[in-house]
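For reference, the structure discussed in these notes is given below.
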Ligand code: FAD
Ligand code: SF4
Ligand code: SF4
Ligand code: SF4
Ligand code: SF4
């Protein structure tokens, strides 16, 4: 019997799913089992749309259709968390199985602590994530670095540090490090991301640490909650899933890769944040870059933390309408409201038609706030810094001390 904290190699016993899946199909097999046995009412996962650069979120209620969601789309830069709030009433009226990467999971926690998503009704199957490539970048990179027509590519994967493509006439892999040195590769927020194994989901699944004859044929599953253990045990008992204990070196290898990814992310953080400078220099850079904003609201629309019915950026006394360049107050409002909770999902940058580096700025400020207050967003239900501040108390303190610095109130 599996329990929270246990680790397994696992794979589906359904041959059709195994053939379509990325690494043995444990994830799809578990989702199918959960649907068939009414553990969930529906599954929210990702399927291939027009081509492999087109990752489409999809809702499945018929277990026979689950095969359409098998496989990993690394050129799919979706965020699943806000979909739960927007289209499924925060999973308040239904049980939902959902496949999530680290950023999806962090977004769900941020929404849950704001009572916008009901985690009790979610079965979260996490996938490890080394990063994703934007579809536009992927096409450009495949054309320019691989010398291949992106429309001829029928499969892509990231394996042993290489981005590998299979196309009509062959296959080719180039190391991600080399690609990124030349300005290609993963999204910049992904390079800085340190949520590699989704341990705050119910199950964390990935291929790191799968070695020997099971490589590519099984998924390394870490059981992260009692809910996850229950689903896993039931699926194994019913014969839907096969599982075995991973060999000892596998656990060490997995941990080594995760640590190497942390180191790489630290390197990118240092580089990206250093480039922004500090204080006024940073502010000037942000003001200059955001002066190109056309106020399309996409950064707000996509951000998992922006869900307000009446957004302050739309209040004319704060941001006068019809003024260009858009007053900096528009961006200030977002920095003030979001920066303590930003999960660096990259959506605000990915969706920006003016290619403003929104995610970098928000992540940089979030990191400064994390150092000051110790609040780590997206990993548990602890409240963000601003939720702990009461306006009347702060006003009183400002009047009596003449400072608007709130740091001292967090000293014990
Ligand atoms: P399958 O049964 O094939 O199921 C895959 C599930 O992932 C399906 O539910 C599918 O809908 C969902 N999915 C596919 N694409 C996306 C997407 N873009 N966003 C959200 N969900 C998606 N594992 C590692 O060990 N190291 C890594 O570096 C790593 N990077 C990954 C990067 C991405 C973008 C993704 C999506 C996955 C990554 N994984 C990584 C996980 C790995 O590729 C497999 O998903 C995992 O091992 C499970 O294999 P499986 O055969 O059980 O999954
Ligand atoms: Fe993966 Fe992190 Fe990028 Fe999300 S932000 S796609 S979890 S690397
Ligand atoms: Fe994601 Fe941007 Fe919102 Fe941060 S501010 S959580 S990077 S959309
Ligand atoms: Fe809410 Fe502020 Fe985001 Fe607007 S910018 S949706 S007010 S958090
Ligand atoms: Fe401005 Fe870009 Fe946000 Fe649109 S997505 S409102 S252009 S910063």
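The values are calculated or read from the model by the stated rules, or taken from the named source; none is laboratory data. The shown structure was predicted, so the numbers you read here are calculated from the model rather than taken from an experiment. Glycine also receives a Cβ, built like all others from the backbone with ideal geometry; neighbour counts cover every protein chain displayed.
What the table shows:
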| item | result |
| --- | --- |
| Residue within the stretch 245-261 that is surrounded by fewer than 16 Cβ atoms within 10 Å (Cβ to Cβ), within 16 Å of ligand 5 (Cβ to nearest atom), modelled with pLDDT of 95 or more and over 30 Å from residue 382 (Cβ atoms) present | no |
| Answer residue from the stretch 159-197, given it is away from ligand 2 (no atom under 16 Å from the Cβ) and in contact with a helix residue (DSSP H, G or I) (Cβ under 8 Å, 6 or more places away or on another chain) and is modelled with the lowest pLDDT among those | 169 |
| Odd one out for residue 342 among (1) closer than 22 Å to residue 385 by Cβ; (2) surrounded by 17 or more Cβ atoms within 10 Å (Cβ to Cβ); (3) touching a residue at least 60 places away in the same chain (Cβ under 8 Å); (4) within 16 Å of ligand 2 (Cβ to nearest atom) | (3) |
| Only listed residue being under 26 Å from residue 265 (Cα atoms), at pLDDT 95 or above and touching a helix residue (DSSP H, G or I) at 6+ places or on another chain (Cβ under 9 Å), chosen from 328, 373, 335 | 335 |
| Among (1) away from ligand 5 (no atom under 16 Å from the Cβ); (2) more than 30 Å from residue 12 (Cα to Cα); (3) surrounded by fewer than 17 Cβ atoms within 10 Å (Cβ to Cβ), the one test that residue 287 misses | (1) |
| Residues located in the stretch 114-130, provided they are more than 22 Å from residue 208 (Cβ to Cβ) and within 16 Å of ligand 1 (Cβ to nearest atom) | 122, 123 |
| Flag if residue 366 is within 11 Å of ligand 3 (Cβ to nearest atom), farther than 16 Å from residue 386 by Cβ and out of contact with any strand residue (DSSP E or B) (no Cβ under 6 Å at 6 or more places or on another chain) | no |
| Counted residues, the stretch 196-219 - those being more than 19 Å from the chain's Cα centre (by Cα) and crowded, with 19+ Cβ neighbours inside 10 Å | 5 |
| Residues that are under 24 Å from residue 136 (Cβ atoms), in contact with a strand residue (DSSP E or B) (Cβ under 9 Å, 6 or more places away or on another chain) and in contact (Cβ under 8 Å) with a residue 40 or more places away in the chain, drawn from the stretch 177-217 | 184, 185, 186 |
| Wholly enclosed helices (runs of 4 or more DSSP H) of the stretch 15-130 bearing at least 1 residues in contact with a helix residue (DSSP H, G or I) (Cβ under 8 Å, 6 or more places away or on another chain) and within 16 Å of ligand 2 (Cβ to nearest atom) | 81-87, 102-113 |
| Condition broken by residue 330, with the remaining ones in (1) surrounded by 12 or more Cβ atoms within 10 Å (Cβ to Cβ); (2) within 15 Å of ligand 3 (Cβ to nearest atom); (3) within 23 Å of residue 192 (Cα to Cα) satisfied | (3) |
| Number of the condition not met by residue 284 [criteria: (1) part of a helix (DSSP H, G or I); (2) at pLDDT 95 or above; (3) in contact with a helix residue (DSSP H, G or I) (Cβ under 8 Å, 6 or more places away or on another chain)] | (3) |
